[in-house]
Amino acid sequence: MDIMIAPIARDEVSDTWNFNLNNYVNSINKNSEIIDKLINEMLIDGNKLFTKSIVMLTGYRAAFRQMFVLLDKSRREIFKNLLKAIKHWAKRKFYYIKIIFSIRILSSRIFLDKMV
């Protein structure tokens, strides 16, 4: 399990935010909009404190969209296992995060091309 902690430009977090809801298109779109809004608010604010948070949320947004927007439900588990295998392999080989990200993008591209 990965846990992300990122300071955001808010005094409080809404009780209605639930990023575990991903069964319905409306929930997926709502979560994507919330993440986009948070990132945009922090970019507009320009506070250097939020730079790391923007990077973390952007990575989460990319993974979220890959998993729930681009892939149909029947292939999500396979894709999730592929990403876990890549992460495990990269950790064992002591590869840096940029390399993992590049490999992840390449594997996503291959996976999506196979769907067509």
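The values are calculated or read from the model by the stated rules, or taken from the named source; none is laboratory data. Since we're looking at a predicted model, the values are computed, not measured. We place every Cβ from the backbone using ideal geometry, glycine too, and count neighbours over all the protein chains shown.
For a quick check of your reading: which helices (runs of 4 or more DSSP H) sit entirely within region 17-111 and have at least 2 residues that are closer than 21 Å to ILE5 by Cβ, among the basic types (Lys, Arg) and modelled with pLDDT of 80 or more?
So the answer is 51-65.
Which residues, taken from region 79-99, are free of Cβ contacts under 8 Å to residues at least 12 places away in the same chain and aliphatic (A, V, I, L, M)?
Across region 79-99, the qualifying residues are ALA85, ILE97, ILE99.
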